[in-house]
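Q: One structure coming up, written as structure tokens, with questions to follow.
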Amino acid sequence: MERTTGSIDGNHYETVIIGAGMSGLAAGIRLAYFGKNVLILERHNAAGGLNSFYSFQGRKYDVGLHAMTNFVRSGTKGTPLGKVLRQLRLERESFDLSEQKGSRIIFPGVELQFNNDFELFESEVIRAFPHEKDNFAKLIELIRSFNEVALDNEETSARVEIAKIIKDPLLIDMILLPLMYYGSAQENDMDFSQFVVMFKSLFFEGFARPFEGVRQIIRVLLKRYKELGGQRKMKCGVKQIILDKDQVKALELDNGDTITADKVISSAGLVETLRMCSDHPTTTGNDNIGRISCMETTTVLNKEPSEFGWEDTILFFSDQAKAEYACPKNLVDPRSGVVCLPNNYQYGEGRTLEEGFLRITALANFDKWTQLPEEEYQASKKEWHQVLLDKALHLLGTKTIQDVQPHVITTDIFTPRTIKKYTGHLAGALYGAPHKTRDGRTPIKDLFICGTDQGFLGIVGAMLSGISMANLHILQPSS
Amino acid sequence: MTKEDVKKIVLNIIGEIAPDEDLTQVKSGLRLRDQLELDSMDFLDIVMELRKKYGIEVPEDDYSRLESLDSCGEYLHPKFMQKGVALA
Ligand SMILES: Cc1cc2nc3c(=O)[nH]c(=O)nc-3n(C[C@H](O)[C@H](O)[C@H](O)COP(=O)(O)OP(=O)(O)OC[C@H]3O[C@@H](n4cnc5c(N)ncnc54)[C@H](O)[C@@H]3O)c2cc1C
């Protein structure tokens, strides 16, 4: 049956998208391109969601972006980055991507290097784990032949599946740690499809970064959306999704206005979205709230990291052979984490970032951070910043903090509280709900989920998610 | 408008969707999928562009009729004629 199209008294849209993060913007571009009357509603004043940027004391910081995963060189086809560019009709050059220099996974007594050529990682695994050579080859074969993006894959434990092939628990943990850090909403494990998505995006594909950081990507997406006639309202959150039986009737906004829409795509999270629905109790989905949250500290330096002898792009580390990726008992668990040096990309002649950046991420406990009174909150931020900085310097081979301290211009720190504030994710959950809705459906007709809780993660993944959901639920069914 | 014109239209659409593909060697009797890196998302886009640009509808059950340029010509030509699409 033909649904109403076009705008009725200025307040009706064919599709409303909740959230101007990577997935919402990509979905919006698809719909606007095909002439749909589409509106993006965003609670904050800045677009980008988890992957955004902010200015503080005249300095621009990236949130999120360490490394854009899924990087492939021009000419490599059939991978997520290429799909995203095609689907959004964007030129690859517009993202201005530069490749990483090289990264490492560091465990007690053993490390594995990798870069954007898979051969390096492969040879490193064979060097460090010669007894696993054949098994590793088998795992690679399984990963290559697996269709990780099928929307109807059953959820299974990656740990269990990998252990059927790889016997050395240390190698299993060394492979899993970076993939969990860059995309697992589950503690100490991940869904096998998600594992394959992440493995391909880090090791088969690779890391890149726009010279200007994430704002380059956001700028390109916003421009594309605008030139296609897409509409967007910032500082305009959705308070309630008003239902009529099991169908969306209208959206009530934070400012009290209402808007009607034929269909709604939400990037606000699965549980978060269901709780917005007028007839859903506030306890909906209590068993599907993510527990993985983090803190990140950024140290700004007046020198390039390479001047300190730090050449890595990203370091994934664990102090223990059995790596811990779970909600910590204390405020922060410094035993594992990620160190990122955004200066260490191959930006090319004459392109160096104005300042040096050292970013460190470790898992953090949302409840603990939110229970702190303001004064203690500020003090704890400082305290943990120092702990993580010491840790990173040690990993990077710098003996004393005195070598670095005089070069520190400023620092900035975000905590699980910040994540909740800027993304609305319950419990500051970094990667959303542990159990995803891969086909984007909800119990409510005409209400769909895209982004983090659909299950494609990362910058490229989130864009692909928005595109896939727009295709599947809005563009395709009209035939 | 001839079937050849229809094939050209389809090829132009593919050029827009997948600017990174070399279309100069495409053989019209062979499956597009076997010659180019096109996935189901790209085929959906061919359908979407036909609708957007020419108002031509291809129901999902008929997607397989778009597998080669020749079959596109056969299948789409009557639709173009019916629409009376004039070539610029
Ligand atoms: C610390 C950190 C580091 C990361 N590092 C990387 C990295 O280096 N590389 C990489 O590729 N990926 C990285 N990611 C992952 C990546 O950020 C996410 O996968 C991706 O950005 C998710 O996009 P999204 O659109 O699904 O959701 P989000 O970015 O969460 O967007 C959702 C949007 O919806 C808005 N919203 C929520 N509720 C409402 C409401 N009620 N009304 C209106 N608007 C609402 C929010 O404000 C937000 O803007 C990182 C994530 C984090 C947290």
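The values are calculated or read from the model by the stated rules, or taken from the named source; none is laboratory data. Quick caveat: nothing in here was measured; it's all calculated off a predicted structure. Cβ atoms come from the backbone with ideal geometry, glycine included; neighbour counts cover every protein chain shown. These accessible areas exclude ligands, DNA and RNA; they are computed on the full protein's heavy atoms, side chains included. Shrake-Rupley method; radii C 1.70, N 1.55, O 1.52, S 1.80 Å.
Q: Is it true that some residue in segment A:230-251 is on the phi > 0 side of the Ramachandran plot and open to solvent by less than 20 Å² (accessible area, probe 1.4 Å)?
A: So far as segment A:230-251 goes, no, none of its residues is on the phi > 0 side of the Ramachandran plot and open to solvent by less than 20 Å² (accessible area, probe 1.4 Å).
Q: Is at least one residue of segment A:190-210 touching a residue at least 24 places away in the same chain (Cβ under 8 Å), open to solvent by 10 Å² or more (accessible area, probe 1.4 Å) and assigned to a loop (DSSP other than H, G, I, E, B)?
A: No: zero hits.
Q: Name the pairs: first residue in segment A:34-56 and without any contact (Cβ under 8 Å) to a residue 12 or more places away in the chain and open to solvent by 20 Å² or more (accessible area, probe 1.4 Å), second residue part of a loop (DSSP other than H, G, I, E, B) and within 9 Å of the ligand (Cβ to nearest atom), Cβ to Cβ under 9 Å, at least 6 apart or on different chains?
A: A:Tyr54/A:Ala46; A:Tyr54/A:Val63
Q: Then there's this: Criterion first (of a type in the set (S, T, N, Q) and within 22 Å of A:Thr299 (Cα to Cα)) does A:Gln371 satisfy it? Reasoning before the result, please.
A: Values: of a type in the set (S, T, N, Q): yes; within 22 Å of A:Thr299 (Cα to Cα): no.
Spelling it out, it is not the case that A:Gln371 is of a type in the set (S, T, N, Q) and within 22 Å of A:Thr299 (Cα to Cα).
Q: Hey, another quick one. Could you list, in sequence order, the residues of segment A:83-99 that are open to solvent by less than 30 Å² (accessible area, probe 1.4 Å) and touching a strand residue (DSSP E or B) at 6+ places or on another chain (Cβ under 6 Å)?
A: Answer for segment A:83-99, where residues must be open to solvent by less than 30 Å² (accessible area, probe 1.4 Å) and touching a strand residue (DSSP E or B) at 6+ places or on another chain (Cβ under 6 Å): A:Phe95, A:Ser98.
Q: Check whether at least one residue in segment A:375-397 is assigned to a loop (DSSP other than H, G, I, E, B) and at pLDDT below 95, and report yes or no.
A: Yes, some residue in segment A:375-397 is assigned to a loop (DSSP other than H, G, I, E, B) and at pLDDT below 95.
Q: Which condition breaks for A:Ala362 when tested against (1) open to solvent by 50 Å² or more (accessible area, probe 1.4 Å); (2) within 19 Å of A:Lys329 (Cα to Cα); (3) part of a strand (DSSP E or B)?
A: In the conditions (1) open to solvent by 50 Å² or more (accessible area, probe 1.4 Å); (2) within 19 Å of A:Lys329 (Cα to Cα); (3) part of a strand (DSSP E or B), A:Ala362 misses (1) alone.
Q: On the basis of being touching a helix residue (DSSP H, G or I) at 6+ places or on another chain (Cβ under 7 Å), away from the ligand (no atom under 16 Å from the Cβ) and among the β-branched types (Val, Ile, Thr), does A:Ile401 make the cut?
A: Judged against the criteria, A:Ile401 is a match.
Q: Tell me which residues, restricted to segment A:55-84, are outside any loop (DSSP other than H, G, I, E, B), farther than 15 Å from A:Ser468 by Cβ and of a type in the set (A, V, I, L, M, F, W, C). First the steps, then the outcome.
A: First pass over segment A:55-84, keeping only residues outside any loop (DSSP other than H, G, I, E, B): A:55-56, A:59-62, A:68, A:80-84.
The next check asks that each one be farther than 15 Å from A:Ser468 by Cβ; those that pass are A:55-56, A:59-62, A:68.
Passing the criteria: A:Phe56, A:Met68.
Q: Also, quick follow-up: Would you call A:Gly350 at pLDDT below 95 and either out of contact with any Lys or Arg (no Cβ under 8 Å at 6 or more places or on another chain) or of a type in the set (Gly, Ala, Ser) (or both)?
A: For A:Gly350, the condition - at pLDDT below 95 and either out of contact with any Lys or Arg (no Cβ under 8 Å at 6 or more places or on another chain) or of a type in the set (Gly, Ala, Ser) (or both) - is met.
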